[in-house]
Amino acid sequence: MAAPSGEACGLLERSVRQRVPPLLTDLYQFTMAYAYWRAGRHREPAVFELFFRDNPFGGGFSLFAGQHDCLLFLRSFRFTEEDVEFLRSVLPCSTDPAFFQFLRGLDCSGVTLRSVPEGTVVFARVPLMEVEGPLAVVQLLETSLLCLVNYASNAARFRLAAGPGRKLLEMGLRRAQGPDGGLTASRYTHIGGFDLTSNVQAGFLFGIPVAGTMAHSYVTSFSSLEEVCPQTLVAANGDAGPVDVISLTKGWLSRVCELLGSEPAKIREGELAAFLSYGIAYPQNFLPVIDSYSVGCSGLLNFCAVALALSELGYRPVGVRLDSGDLCGQSVEVRRVFRLCSQHFSVPAFDSLIIVGTNNISEQSMAELNRKENEIDVVGVGTHLVTCTKQPSLGCVYKLTQPLCSAAETRAKVQSSLQTLSPRHKRLQEPDAYTVALSETLHNLVQELQKCSSDSNNFLLAN
């Protein structure tokens, strides 16, 4: 369950303040700020633009996100006494002590941030943000702002490759570059189109739906049915007393093996024990990983037996996860067995069981999924999404466009610009139009548009 909206906003702000304090920057930002201050230029108005030079992953566009974090960072930008004392210890000893007093009073109250809206399609070399304010302050913001928006996520590319009908699960926290990298990845992959995350903290902070059931280690930790505890389960309607689920499942397992012509001797008892134990704990959320040993000889049979037992008791199993081998081929066979069980045992719930596919999924393997026949409903992606192995950074830069001119400087520039105009263009009455040269291609296009416009007008007049 996500944190309430008001509480979540407070958590987000505290999270940004903790993750991006004013000292999370490069030392040269402080040395430049000091030089500006020493020269008396620290309060001069200035504008910086933040942009990237090339679209990531060789694509034709990008999607912008990160504005909210940047605003929270600016709101909380303030040096503590401890920050100032640390800076005093690392800056050259010749630094004027009055500079540290200047830092104590700094905040972003004089800073204006102009930005494209969150979620906007953006392109290379077009400014994402424009930061305006006192020169020393906006200089100090550079590294932190770049850090907040430079993460390049290929989530939207996965979403486009998967198509609208297939759900996507982000599950890469264990592969992320540290805890903050994991949170950043979870948030921006959700923004980019992923439906679910395995990251519980991301669900708490950002309200992203979380999902997950079991790992192979859980399955392999069981070796016999004697380890299943408890061994009974009350029916979903609560009418009858506790039912011996082990005996019920064994009966269903025999019927499934007979239906499929499978060999009971190849079934792994430990795997069945793991599925039973989990199914008893979560009878309404039963979705195990079925390839810890063999999907066809053990995992699929054990799942069907436990799922049929749960269905008999009035519960609704969810589905299975495939995590190795030929995901497409296996999913087709799993779906065939589900449909066969649904028809043969008259259990309609088996028609709606979902199949989750995971196993080092990349953009390339996602594209292969679309080319091959498969029955996968949900795809889980980890390493190739969270670490963005193709391009981890967007490559944003933060460039000073120009210090803002004073009124006197702007006036002088206007007068200078006027001097460059020919007298015939400056006439107050009937001045000559200023000629602008067009390329031949553009000239032909303009003529074609004019012709089309003329033809359209004639058509309207004729009618």
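The values are calculated or read from the model by the stated rules, or taken from the named source; none is laboratory data. It should be emphasised that the depicted structure is a prediction, and the values quoted were computed from it without experimental measurement. Quick reminder, even Gly has a Cβ in these numbers, built from the backbone with ideal geometry, and neighbours come from all protein chains shown. Quick note on the areas: whole protein, heavy atoms, side chains included, nothing else; ligands and nucleic acids left out. Shrake-Rupley method; radii C 1.70, N 1.55, O 1.52, S 1.80 Å.
Considering only residues that are of a type in the set (Val, Ile, Thr) and in a loop (DSSP other than H, G, I, E, B), which ones fall in segment 48-103?
If we filter segment 48-103 for residues that are of a type in the set (Val, Ile, Thr), which is where we start, we get 80, 84, 90, 95.
Listed by number, the residues that qualify are THR80, THR95.
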Report task. Scan segment 213-235 for residues that are out of contact with any Pro (no Cβ under 7 Å at 6 or more places or on another chain) and either at pLDDT below 95 or among the acidic types (Asp, Glu) (or both) and jot them down. Result -> GLU226, GLU227
Requested in this report: Report, ordered by the first and then the second residue, all pairs with beta carbons closer than 8 Å, sequence separation of six or more or different chains, a first member in segment 178-198 that is on the phi > 0 side of the Ramachandran plot, and a second member that is surrounded by 18 or more Cβ atoms within 10 Å (Cβ to Cβ) and not charged (D, E, K, R).
Outcome: GLY193/ALA155; GLY193/ALA156; GLY193/PHE158; GLY193/LEU168
Query raised in the report: Given (1) part of a helix (DSSP H, G or I); (2) open to solvent by 50 Å² or more (accessible area, probe 1.4 Å), where does GLY203 come up short, assuming only one miss?
Result: (2)
Report task. Tell me which residues, restricted to segment 151-167, are within 11 Å of the chain's Cα centre (by Cα), closer than 17 Å to GLN364 by Cβ and aliphatic (A, V, I, L, M). Result -> ALA155, ALA156
**Report entry** Residue pairs meeting the criteria (Cβ under 8 Å; at least 6 apart or on separate chains; first closer than 18 Å to PRO134 by Cβ, in segment 71-87; second among the polar types (S, T, N, Q))
**Finding:** PHE73/SER144
**Report entry** Matching residues in segment 119-148 - criterion: being under 11 Å from LEU63 (Cα atoms) and under 16 Å from the mean Cα position of the chain (by Cα)
**Finding:** GLY119, THR120, VAL121
Query raised in the report: Is it fair to say VAL200 is under 28 Å from TYR315 (Cβ atoms), assigned by TED's automatic domain parsing to the domain that holds PRO283 and not acidic (Asp, Glu)?
Result: no
Requested in this report: For VAL126, indicate whether it is touching a residue at least 60 places away in the same chain (Cβ under 8 Å), in a loop (DSSP other than H, G, I, E, B) and more than 30 Å from SER365 (Cα to Cα).
Outcome: yes
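Just name the residue that is least open to solvent (accessible area, probe 1.4 Å) out of those in segment 344-361 that are outside any helix (DSSP H, G or I) and over 24 Å from LEU168 (Cα atoms). Working first, answer last.
Kept after step one, since they are outside any helix (DSSP H, G or I), are these residues of segment 344-361: 346-347, 353-361.
Those still in the list that are over 24 Å from LEU168 (Cα atoms) too: 346-347.
Details: SER346: 92, VAL347: 20 Å².
Across segment 344-361, the extreme among qualifying residues is VAL347.
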